């Protein structure tokens, strides 16, 4: 059967690549996810799955675990999509992917339009190809091949495939679906880009906006202390020094091979209104990594205390900055490597590729934390080989979609088949 399965995956690979191209052609930044969700729904419906559109509130969630929702100016009802194999009863396994992508505003730096997929050198280029619309292609390819070789595989137990929104900024899409709409299963595989390894954990992540106050003055006095932008940059560097020092007291996972797990990223900055005037306020958007040992509440408290210490009385700052939460309040997470979900995925990968996959954690986060930390549900990430995620000329290796589908299809056979699977 496995030989027939691989043949079916090869046969349907071009269809999977076309599906991925269609997803990329439907821009899905926050608030504009509907077109891509409909592409996903159409593909899964063509595979015989039942589609449900799940309303999602365009407001802050009334849930202490939620991130701070972005302001989305839209008159269109927001929703998410879950596809389920036909039948009665609860799901036995859930596949998860996020349909939202980060913006691609620096279009002049791209080789081609970020939302017009371009195929070259064995890759597909475009925003979201790697992070993580390629994961949807892996899932669809595995299911299409399984329909050919094991058409009754899901007759006794049900599989779900969930397309989430807001993974890139809050994680509220997955949280709301589990907590309020019952989209859940005993185990979850998230088809994030992992270079065909198993991503088993990540650090905590906090988003904040900071208004750094300076002293406005004419440019002829610019050498004096008080320029808000310069004070802001000094604060960012001080925060980086602080988070770097956290490693000694709060060591990261042994599976994280990174000397700087708790990164501070300056994502946005707005300041000034005139070249010959020193700006009085600089507003920064920061992403701060923090230890898995902390709760989101402790992370916020620690960050606020550090900023107060760095900018309080006796410093160069004329006033203490205003700090606002602005997105992620994500705790760190890590699944036990002895979990059956992990061992069975490893075995499926080894069977498909002749070698064990790498197990690792990252200095970032995924929606796996919601399942693990908030609901105690085993969850792990496995997916394609991506390049330039969140950057210019983002791409995914097309062969890795085929390779990922080989692993996923074998894993699903083991999970859902009542008979021993043979070559």
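Test residue 64 against the stated conditions and say whether it is under 30 Å from residue 329 (Cβ atoms), out of contact with any strand residue (DSSP E or B) (no Cβ under 6 Å at 6 or more places or on another chain) and surrounded by 15 or more Cβ atoms within 10 Å (Cβ to Cβ).
no
Do you know which of the residues in the range 264-285 that are free of Cβ contacts under 8 Å to residues at least 60 places away in the same chain and outside any strand (DSSP E or B) is farthest from residue 363 (Cα to Cα)?
276
Just the residues that are in a helix (DSSP H, G or I) and surrounded by 24 or more Cβ atoms within 10 Å (Cβ to Cβ), please, taken from the range 373-409.
Those that are in a helix (DSSP H, G or I) and surrounded by 24 or more Cβ atoms within 10 Å (Cβ to Cβ): 401, 404, 405, 406, 407, 408, 409.
What residue, of 144, 157, is in contact with a strand residue (DSSP E or B) (Cβ under 8 Å, 6 or more places away or on another chain), in the same structural domain as residue 398 (by TED's automatic domain parsing) and surrounded by 13 or more Cβ atoms within 10 Å (Cβ to Cβ)?
157
For the range 169-176, indicate whether the set of residues that are crowded, with 22+ Cβ neighbours inside 10 Å, on the phi > 0 side of the Ramachandran plot and not assigned by TED's automatic domain parsing to the domain that holds residue 250 is non-empty.
Yes - at least one qualifying residue is present in the range 169-176.
Tell me which residues, restricted to the range 212-261, are touching a strand residue (DSSP E or B) at 6+ places or on another chain (Cβ under 6 Å) and either exposed (fewer than 15 other Cβ atoms within 10 Å of the Cβ) or assigned by TED's automatic domain parsing to the domain that holds residue 65 (or both).
The one that is touching a strand residue (DSSP E or B) at 6+ places or on another chain (Cβ under 6 Å) and either exposed (fewer than 15 other Cβ atoms within 10 Å of the Cβ) or assigned by TED's automatic domain parsing to the domain that holds residue 65 (or both): 222.
Tally up the residues in the range 44-59 that are in contact with a helix residue (DSSP H, G or I) (Cβ under 6 Å, 6 or more places away or on another chain), touching a residue at least 40 places away in the same chain (Cβ under 8 Å) and outside any loop (DSSP other than H, G, I, E, B), please.
Here the count works out to 1.
Could you name every one of the strands (runs of 3 or more DSSP E) located completely within the range 60-154 that has at least 1 residues being within 25 Å of residue 379 (Cα to Cα)?
Filter on the range 60-154 gives 79-84, 91-98.
Would you tally the residues in the range 1-50 being in contact with a strand residue (DSSP E or B) (Cβ under 9 Å, 6 or more places away or on another chain) and surrounded by fewer than 17 Cβ atoms within 10 Å (Cβ to Cβ)?
Final tally of qualifying residues: 5.
Could you say whether any residue in the range 248-263 is under 24 Å from residue 324 (Cα atoms), outside any loop (DSSP other than H, G, I, E, B) and in contact (Cβ under 8 Å) with a residue 12 or more places away in the chain?
No: zero hits.
Out of the residues in the range 410-420 that are out of contact with any strand residue (DSSP E or B) (no Cβ under 8 Å at 6 or more places or on another chain) and in a helix (DSSP H, G or I), state the one that is farthest from residue 157 (Cα to Cα).
410
Matching residues to (1) modelled with pLDDT under 95; (2) under 22 Å from residue 180 (Cβ atoms):
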residue: 51; (1), (2): no, yes
residue: 65; (1), (2): no, yes
residue: 68; (1), (2): no, yes
residue: 71; (1), (2): yes, yes
residue: 79; (1), (2): no, yes
residue: 87; (1), (2): no, no
residue: 100; (1), (2): no, yes
residue: 115; (1), (2): no, no
residue: 141; (1), (2): no, no
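How about the range 182-222: which strands (runs of 3 or more DSSP E) wholly inside it have at least 2 residues that are more than 16 Å from the chain's Cα centre (by Cα)?
Counting at least 2 such residues, we get 204-213.
Is it true that some residue in the range 290-304 is crowded, with 17+ Cβ neighbours inside 10 Å and in a strand (DSSP E or B)?
For the range 290-304, residues crowded, with 17+ Cβ neighbours inside 10 Å and in a strand (DSSP E or B): present.
Is it the case, given these coordinates, that residue 149 is out of contact with any strand residue (DSSP E or B) (no Cβ under 8 Å at 6 or more places or on another chain), assigned by TED's automatic domain parsing to the domain that holds residue 410 and either on the phi < 0 side of the Ramachandran plot or crowded, with 24+ Cβ neighbours inside 10 Å (or both)?
yes
Quickly run through the range 17-43 and pick out the residues that are out of contact with any helix residue (DSSP H, G or I) (no Cβ under 7 Å at 6 or more places or on another chain) and either in a helix (DSSP H, G or I) or outside the structural domain of residue 77 (by TED's automatic domain parsing) (or both).
The answer is 18, 21, 34, 35, 37, 38, 41, 42.
The values are calculated or read from the model by the stated rules, or taken from the named source; none is laboratory data. Being a predicted model, the structure only gives us computed values, none of them experimental. Neighbour counts are summed over all protein chains in view; Cβ atoms, including those assigned to glycine, are modelled from backbone coordinates with ideal geometry.
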